[in-house]
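Some notes on the structure that comes next.
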Amino acid sequence: MIRKGPLMLGAAFLGLTGVAGAILLADQPSQAADGPAAPAAKVPAVATAAKPKPKPFDERFVIKRILPIEGPIKYGEWHWNEEGAPATGPIVITVDLDARVISVFRSGYEIGAAAVLLGTEEKPTPLGVFPITQKKRHHVSNLYDAEMPYMQRLTDDGVALHASEVEWGYASHGCIGMPEPFAAKVFATTKLGDRVFITRGKMVKNGDSLVES
């Protein structure tokens, strides 16, 4: 799935278009530091667990539906619609660095999408495939003393999914910042070991993983 478009410099929105039917092979210094956003529904925290083993590569996973989002996704805007999607099934998250969009899939059906904050050139958001290794509802960064609600750790050096103020002119220290209500839904949907694919839009098979093309 590729939802791409040029970042519209000087305006607080992204030019994005959706493309359905693509195959997904699956199983800063900042101008403002990551910080808290508006309160969201309570979701039970999940304790840290041993780092899970990578899930086996599974070519049967394909994107079956993307959300019918019209027009550009503005900073702070998010979409969530589980209607028509299976109630259970594998969760896959994709982050397109070029489009600055995160998508959540269940059994190939996109159930959520939002514009996100990303890192800067000095502290970029890394490319790759990352399992979620820790989930913590209330978390404070020990590097930047910044609140990171609904934190889901991806790397040992602190890159994570978490709630943030997603506004024009803001950036992260490499994390993926999401609007807090959306982050709460993602937190409630995922489990330890679910994979997050961070790419520049196009993904191809390379051995037993997905990489940018």
Can you tell me which residue in region 118-172 is farthest from residue 195 (Cα to Cα), limited to those that are in a loop (DSSP other than H, G, I, E, B) and touching a Phe, Trp or Tyr at 6+ places or on another chain (Cβ under 6 Å)?
-> 168
If you check residue 132 against the conditions, is it within 22 Å of residue 191 (Cα to Cα) and in contact with a Gly (Cβ under 8 Å, 6 or more places away or on another chain)?
-> yes
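If you check 89, 71, which single one turns out to be surrounded by fewer than 21 Cβ atoms within 10 Å (Cβ to Cβ) and at pLDDT 90 or above? Full working, then the answer.
Details: 71 fails: at pLDDT 90 or above.
Step by step, each of 89, 71 is checked, and only 89 is surrounded by fewer than 21 Cβ atoms within 10 Å (Cβ to Cβ) and at pLDDT 90 or above.
Determine whether region 109-116 contains at least one residue that is surrounded by fewer than 21 Cβ atoms within 10 Å (Cβ to Cβ), assigned to a loop (DSSP other than H, G, I, E, B) and not acidic (Asp, Glu). I'd like the intermediate steps shown before the answer.
At the first step, the residues of region 109-116 found to be surrounded by fewer than 21 Cβ atoms within 10 Å (Cβ to Cβ) are 109.
Remaining after also requiring assigned to a loop (DSSP other than H, G, I, E, B): none.
Among the residues of region 109-116, not one is surrounded by fewer than 21 Cβ atoms within 10 Å (Cβ to Cβ), assigned to a loop (DSSP other than H, G, I, E, B) and not acidic (Asp, Glu), which makes the answer no.
The values are calculated or read from the model by the stated rules, or taken from the named source; none is laboratory data. The model shown is predicted, which means the values in this text are computed figures rather than measured ones. Quick reminder, even Gly has a Cβ in these numbers, built from the backbone with ideal geometry, and neighbours come from all protein chains shown.
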